[in-house]
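Encoded as structure tokens, the structure appears first; notes follow it.
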Amino acid sequence: LNVDVIEAGFPCSSPGDFRAVQEIAKAIKGRTITALARAVKNDIDAVWEAVKLAEKPRIHVVLGSSDIHLEHKFRRSREEVLEIGVEAVKYAKSLCPEVQYSTEDASRSDREYLFKVVEAVIAAGATVVNIPDTVGWAVPGQWGDLIAAIRANVPNIDKAILSVHCHNDLGMATSNSLAAVKAGAQQVECTINALGERAGNASL
């Protein structure tokens, strides 16, 4: 199907996931192989160990950006979480030339803070910045407007690929993804038959 990037799993979650990602990284040729890490050293190390034998490895770091996540999940300030994200990107970049950073719960994040996070992680070395609608909250007009706003308000956005990751809780993952592409997104995260967390993701 000419999929460019395959996210093969979450290596830190279990030995089985680690081995599966590692085998995929060794077996698949001509495609970027990535895997998910939280913004902590152990997760990033596990991803690198799992994908480093790929022809084109990538480390994918995810960290929340909404005040809901910051207050109730991390119990930290915006500035503290921003610094955690920047340091995670710098560490991942020291291991791998391709680093993707996801601003989890971006659709419910304060826009000015989101712009600041995206700019900072690109400056730290992120080559892909992914904007997730983590809880499937957005509708297409709003989502397209957010992607256009990121393109217009992040000065260094042209130094990274702008990606989206949409959830299907309201049945709009695919339409939101298409609205994002129309607004300038260059990568869409999707799944076979829309399988994914909760109601799933955009259908490949």
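General remarks:
- Residue match in region 137-148 (condition: within 22 Å of Thr34 (Cβ to Cβ) and either open to solvent by 20 Å² or more (accessible area, probe 1.4 Å) or assigned to a helix (DSSP H, G or I) (or both)): yes
- Unique residue being surrounded by 19 or more Cβ atoms within 10 Å (Cβ to Cβ) and farther than 22 Å from Glu189 by Cβ when the list is Leu70, Leu53, Leu36: Leu70
- Within region 41-50, restricting attention to residues that are open to solvent by 10 Å² or more (accessible area, probe 1.4 Å) and among the acidic types (Asp, Glu), the residue that is farthest from Val99 (Cα to Cα) is Glu49.
- Count of region 1-55 residues which are more than 30 Å from Phe74 (Cα to Cα) and β-branched (Val, Ile, Thr): 4
- Filter result for Leu53 (closer than 27 Å to Asp133 by Cβ and either more than 14 Å from the chain's Cα centre (by Cα) or touching a residue at least 12 places away in the same chain (Cβ under 8 Å) (or both)): no
- Residue that is nearest to Gln100 (Cα to Cα), among those in region 169-195 that are open to solvent by 40 Å² or more (accessible area, probe 1.4 Å) and assigned to a loop (DSSP other than H, G, I, E, B): Gln186
- Some residue of region 115-125 being under 15 Å from the mean Cα position of the chain (by Cα), closer than 17 Å to Pro11 by Cα and open to solvent by less than 80 Å² (accessible area, probe 1.4 Å): no
- Matching residues, region 44-77, being in contact with a strand residue (DSSP E or B) (Cβ under 9 Å, 6 or more places away or on another chain) and part of a helix (DSSP H, G or I): Ile44, Asp45, Ala46, Val47, Trp48, Ala50, Val51, His69, Leu70, Lys73, Phe74
- Residues (farther than 18 Å from Leu95 by Cβ and either surrounded by 13 or more Cβ atoms within 10 Å (Cβ to Cβ) or touching a Cys at 6+ places or on another chain (Cβ under 8 Å) (or both)) located in region 14-33: Asp17, Arg19, Ala20, Glu23, Ile24, Ile28, Arg31
- If the condition is being modelled with pLDDT of 90 or more and open to solvent by 60 Å² or more (accessible area, probe 1.4 Å), then region 73-109 contributes Arg78, Glu79, Glu80, Glu83, Glu87, Lys90, Tyr91, Lys93, Ser94, Pro97, Arg108.
- Residue list for region 96-126, restricted to those being free of Cβ contacts under 8 Å to residues at least 60 places away in the same chain and polar (S, T, N, Q): Thr103, Ser107, Ser109
- Among the numbered conditions (1) at negative phi; (2) open to solvent by less than 20 Å² (accessible area, probe 1.4 Å), the only one that Gly200 does not meet is (1).
- Cβ pairs under 6 Å, 6+ apart, first in region 140-155 and more than 10 Å from Asn176 (Cβ to Cβ), second open to solvent by less than 10 Å² (accessible area, probe 1.4 Å): Arg151/Ile157; Val154/Val118
The values are calculated or read from the model by the stated rules, or taken from the named source; none is laboratory data. Computed from a predicted model, the values in this text were never measured in an experiment. Cβ sites come from the backbone with ideal geometry, for glycine too, and all protein chains shown count toward neighbours. Heavy atoms of the whole protein, side chains included, go into the accessibility calculation; ligands, DNA and RNA do not. Shrake-Rupley method; radii C 1.70, N 1.55, O 1.52, S 1.80 Å.
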